[in-house]
Amino acid sequence: MPALRRAYLYLTAAISLQVAVWAAISLLRAYLTPNADPLAANLALQIAVLLVATPVFVLHWRQADKLASADPAERASTGRQLYAYGMTVLFLAPALVAVIDLLTLLLSLGLTPPPSEAGPRAARSLVSLAVLAGMLFWQQRLLSADLAEPGVARAAAPFRRLYTVIFTLAGLSIWTGATVGLISWILTGIDTAPGALPAPSGTATAEMVAAAVVGVLLWVFFWRRLGTEAAAGPAAGRGALLPAAFVHLALLSAAAATLGGGALLLIGFLRAALSLPPRGDYRGPLSVLIVGALVWAYHHRVRAAALAVVDGAAGAATTASLRAWYPYAMAILGMGAALAGLSAVVNILIRALSSVGLVDSGREQLAWGAAVLLMGLPLWALVWRRVEPWAQQAGPEGDRARSALARKVYLYFYLLVSALSFLIAAVYLVYRLVGQALGGVTGTDPFGLDLAEAGAMALIAAGAWLLHFAALRGDGDLAARGQAGRLADWPALLLAADGEASADLEAALRRELPDLPLSRLVLAGGAASLDGADAMALASATLIIVPAAAAMGASPLAAAIAAAPARKLYLPAGSADWVGVEPWSAEDLAEHLARAVNQVAAGHEVTLRRPMGLGAMIATGVAVAILLGIIGVPLWLFFDHLV
């Protein structure tokens, strides 16, 4: 089925089915809910929607299903799988809301007074749950029928995994939100000091209990399904990454919540120490801290098992890459908090030492800045002391640690942040100096205070830049020495048959990999003959770079290449059609060959790096613009008050 026709059929079927289902739910609620008095206009509208949307759905679904029955490959199409799992999500999410509402009403039966309109509310939720459960049952039958066809299970795997991750995350989020509220309610009952927030009502408490129960059951069910995805070992493919990826996401989120709750509590203590009036209630931050710590502790306990599954299915390199993201994400969080807190503290201290003095607003900012600094700096220091020895190691372990994408993202991110911070601070510093010299520019603060604040910010930014640049430069030096040592163990032989022009390829390799011991062997006799010196060179080589045409056929040369014990890299022949191999120019081929040699020397699998397409370029440009906005706007606002 053409892609546009498929998109039209499934999109129209999805919209019309959703509209018809909710029209039916509204009609049933109107007739079955006690004491209901629906407006005639609404009733007429729902009947009209149901009468029109139902045949539209039936027409388009029957056509889509007919085409799928005629072509088995259609059942595995992206459009059909997206429709199936998307509709399942759209039916399951409101069904869960109805379950929470019903459970809330059940828990509220013993309240005095009972919740108002409990009967009509229960009837409405039961109607929604019954209709949505029926649609879910039908969707599951369709999914089961499709998955029974050959090839569909493999095509559906990415959508099934995404669906599983969505509801695993939803279950955990529902549970954490409800549990934070319940702990805060418990603390409110324990501490009745003046100024405390009022306890939630009985209905609100019942709703939190219901949400916590549904959330934990949902999380447990889909968390086990995630484990099932990874249990197939090497056959699981990317599915083996899901539990570990989810664990790391939960760890990072829980750590951020714990640090945020701790920072808010610390702010309260610092406000008291600075003789500021109390503000807010400690129960909320303390509840967030407790729940965040619980979530972090559980996922930290299962992290090793999740990484072991990845190691068995995807290999040590993938495991190391995944393992690196968590500490470096924590380092990003800690360094960001430390820089923001340090900047705020230094700024307020400069003002305190000036004629402005330490006013109440300054003490408020000092409490916030000091709390953020005290939470962020120890976190960054602990993480950095752990990851930096990894990068200082020699050998393959150190190479993997230095080349980890997570480390490069961290280093370059803070190089960019600190460079932009220094740029803004230095521009303002020079602006004030030049304005003072010209006599036409004044600021909102005294001249000396402006210079001190901008200079301090520039020094902080320069220090952060130097710290991360030193780490990056050290990585480069160690990587260069490691690469030279690895390449020295892989003397390469570039083979050219019948005088085939390979001088340009040799020159490119020597330019890209100057430490590679490389020699070029031109076989004077071609494929028809092979003298003793040539055979000895082939037999003694560690890495042979072979034009594919020379290795084909039953010639003595092809036999000698096949018998050689060396690792072989084959270059595609220009006169042949190669399945799965794109045509490359001589310059591109040299670049790919240099990359392949590096991968072989490092013990990695040879993979292809494709040039960036137009869509990727646009996406990269948008991502860069968003990143600059995220970094630049807060920095500009921070320094804007100085102008």
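The values are calculated or read from the model by the stated rules, or taken from the named source; none is laboratory data. Note that the structure is predicted; figures quoted are calculated from it, not measured. We place every Cβ from the backbone using ideal geometry, glycine too, and count neighbours over all the protein chains shown. All accessible areas refer to the heavy atoms of the entire protein, side chains included, with ligands and DNA or RNA removed. Shrake-Rupley method; radii C 1.70, N 1.55, O 1.52, S 1.80 Å.
The condition of being within 18 Å of residue 183 (Cβ to Cβ), in a helix (DSSP H, G or I), in contact with a helix residue (DSSP H, G or I) (Cβ under 6 Å, 6 or more places away or on another chain) and not hydroxyl-bearing (Ser, Thr, Tyr) holds for only one of 268, 261, that being 261.
The residues of segment 382-417 that are open to solvent by less than 40 Å² (accessible area, probe 1.4 Å) and either free of Cβ contacts under 8 Å to residues at least 40 places away in the same chain or not in a helix (DSSP H, G or I) (or both), listed by number, are 395, 404.
Can you name the residue in segment 275-304 that is open to solvent by 40 Å² or more (accessible area, probe 1.4 Å) and in contact with a Leu (Cβ under 9 Å, 6 or more places away or on another chain) and is also modelled with the lowest pLDDT among such residues? Going through the qualifying residues, I end up with 280. Inspection of segment 87-108 identifies no residue that is exposed (fewer than 14 other Cβ atoms within 10 Å of the Cβ), part of a loop (DSSP other than H, G, I, E, B), modelled with pLDDT under 85 and at negative phi. Condition check for residue 179 on (1) farther than 30 Å from residue 74 by Cα; (2) of a type outside the set (A, V, I, L, M, F, W, C); (3) modelled with pLDDT under 85: one failure, at (3). Take the conditions open to solvent by 50 Å² or more (accessible area, probe 1.4 Å), at pLDDT below 75 and not aromatic (Phe, Trp, Tyr) and apply them to residue 554. Does it pass? In short, yes. Of the residues making up segment 234-274, those that are modelled with pLDDT under 85, surrounded by fewer than 20 Cβ atoms within 10 Å (Cβ to Cβ) and under 25 Å from the mean Cα position of the chain (by Cα) number 5. For first residues located in segment 453-480 and modelled with pLDDT under 90, partners that are outside any helix (DSSP H, G or I) and open to solvent by less than 20 Å² (accessible area, probe 1.4 Å) and lie 6+ apart or on another chain with Cβ distances below 8 Å form the pairs 453/642; 454/642.
Among residues of segment 197-218 being touching a helix residue (DSSP H, G or I) at 6+ places or on another chain (Cβ under 6 Å) and either outside any helix (DSSP H, G or I) or on the phi > 0 side of the Ramachandran plot (or both), the one that is modelled with the highest pLDDT is 200.
The single condition among (1) open to solvent by 30 Å² or more (accessible area, probe 1.4 Å); (2) modelled with pLDDT of 85 or more that residue 360 does not satisfy is (2).
The set of residues from segment 5-35 being of a type in the set (S, T, N, Q) and modelled with pLDDT of 90 or more comprises 12, 16, 18. Does residue 376 count as at positive phi and either buried (at least 21 other Cβ atoms within 10 Å of the Cβ) or out of contact with any strand residue (DSSP E or B) (no Cβ under 9 Å at 6 or more places or on another chain) (or both)? So residue 376 fails the test.
Looking across segment 582-597, the residues that are modelled with pLDDT of 75 or more and either of a type outside the set (A, V, I, L, M) or farther than 22 Å from residue 542 by Cβ (or both) come down to 591, 592, 595.
Take residue 617 and tell me if it is in a helix (DSSP H, G or I), at pLDDT 70 or above and over 22 Å from residue 505 (Cβ atoms). Answer is no for this residue. Identify the residue in segment 145-163 that is within 28 Å of the chain's Cα centre (by Cα) and over 20 Å from residue 90 (Cα atoms) and, among all such residues, is least open to solvent (accessible area, probe 1.4 Å). Ranking the candidates gives 152 first.
Counting the residues of segment 117-144 that are of a type in the set (A, V, I, L, M), surrounded by fewer than 17 Cβ atoms within 10 Å (Cβ to Cβ) and modelled with pLDDT under 85 gives 1. Candidates 409, 427, 434, 383: the one that is touching a helix residue (DSSP H, G or I) at 6+ places or on another chain (Cβ under 6 Å) and hydrophobic (A, V, I, L, M, F, W, C) is 383.
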